[in-house]
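The values are calculated or read from the model by the stated rules, or taken from the named source; none is laboratory data. Everything numeric in this text was worked out from a predicted model, so none of it was measured. So basically every Cβ, Gly included, is an ideal-geometry build from the backbone, and we count neighbours across all protein chains shown. Areas reflect the complete protein model, heavy atoms only, side chains present, ligands, DNA and RNA absent. Shrake-Rupley method; radii C 1.70, N 1.55, O 1.52, S 1.80 Å.
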Amino acid sequence: MEKELHEQYEYARRRIKQKKRLYFHFVLFVLGSLLLFIANKFFEIAVDSHWSIWIITIWLFLFILHFIKIFITDRFMNKNWEREQIDRLVALQQKKLDQLQTQVNNDDLK
């Protein structure tokens, strides 16, 4: 029982750490995007006037991937999912072994 409680605590701690990093990434994205936009529009750092939009778009894409990993992929494919998949595969293997054993027993009787 204590092992399960410890596993639940570790899972919760890991999830909170992941979410904290995601929120930090979001704040960094917003502030960085504002800084890039201001640098592009007001200081005219480069000749091409849309370089900041490209950088912000690529950064947004990376943030969306990070969001999907934390809130979609990790939510559905966590430790419980892994255990269920392992149990299912073990049950399938056991069923096949039982069928083979039955077939061997039937062949021995003939």
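Odds and ends about this structure:
- Meets criteria (polar (S, T, N, Q), modelled with pLDDT under 90 and more than 14 Å from the chain's Cα centre (by Cα)) for N78: no
- Counted residues, segment 67-105 - those being under 25 Å from A12 (Cα atoms) and either of a type in the set (V, I, T) or not in a helix (DSSP H, G or I) (or both): 7
- Among the conditions (1) at pLDDT 90 or above; (2) surrounded by 13 or more Cβ atoms within 10 Å (Cβ to Cβ), L62 misses just one, which is (2).
- For segment 86-104, the criterion of being out of contact with any Phe, Trp or Tyr (no Cβ under 9 Å at 6 or more places or on another chain), open to solvent by less than 80 Å² (accessible area, probe 1.4 Å) and either in contact (Cβ under 8 Å) with a residue 12 or more places away in the chain or of a type in the set (K, R) (or both) is satisfied by no residue at all.
- Checking I56 against (1) over 18 Å from Q18 (Cα atoms); (2) at pLDDT below 90; (3) open to solvent by less than 100 Å² (accessible area, probe 1.4 Å); (4) among the hydrophobic types (A, V, I, L, M, F, W, C), the condition it does not meet: (2)
- Complete set of residues in segment 1-23 that are of a type in the set (A, V, I, L, M, F, W, C), surrounded by fewer than 12 Cβ atoms within 10 Å (Cβ to Cβ) and under 19 Å from T73 (Cβ atoms): A12, I16
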